[in-house]
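Heads up: the structure comes next, in structure tokens.
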Amino acid sequence: MGKTSRINPRALSWNIAGGIGYSFILTVIMALTSIVLKGFYPPFPFIIAPLKSLVESPVEGVVQILVILALVLFVLPVRSVTVSKELRSVRRLAIYTAVGFLVFSLLPYAFTVPYVQTYVGLVIAFNVINGVVAGFVSGL
């Protein structure tokens, strides 16, 4: 008889949905961070990818990475043992989504076209890809 899978399909689907949602939340927060920094110092470009920000305007990149670290650290401190066991998958999902966000957020900048629709489509695509990958990996 064949080997059965250890992955719970319901938990996997919730992890994927949560990963996609968290990736979109990270994108909105990075966009707001970029807009706020642009308000204080107008020469900052509008960039949602922290790694690209490190190259083009290092201050913005450092601030965006610190914001991502703060969001990841927000899910880590749980003192209760019972709650800690239940939220272990949420912690892993947040960490994998944040790390994936650093990599996948470069996707819209890999293709340069003059159309805004392409940029928005690539932002949506990298969020979905990041959420699916992070949800699947955290469910293993």
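The values are calculated or read from the model by the stated rules, or taken from the named source; none is laboratory data. Note that the structure is predicted; figures quoted are calculated from it, not measured. Positions of Cβ are backbone-derived with ideal geometry, glycine not excepted, and every protein chain shown enters the neighbour counts.
Only residues that are of a type in the set (Gly, Ala, Ser) and at pLDDT 90 or above were counted in region 78-109, giving 4. Is it the case that region 57-66 has a residue that's hydrophobic (A, V, I, L, M, F, W, C) and over 16 Å from MET30 (Cα atoms)? No, region 57-66 contains no residue that is hydrophobic (A, V, I, L, M, F, W, C) and over 16 Å from MET30 (Cα atoms).
Here the helices (runs of 4 or more DSSP H) wholly within region 2-111 that include at least 3 residues being closer than 19 Å to PHE136 by Cβ are 9-40, 88-104. Of the residues making up region 56-92, those that are among the basic types (Lys, Arg) and surrounded by 13 or more Cβ atoms within 10 Å (Cβ to Cβ) are ARG91, ARG92.
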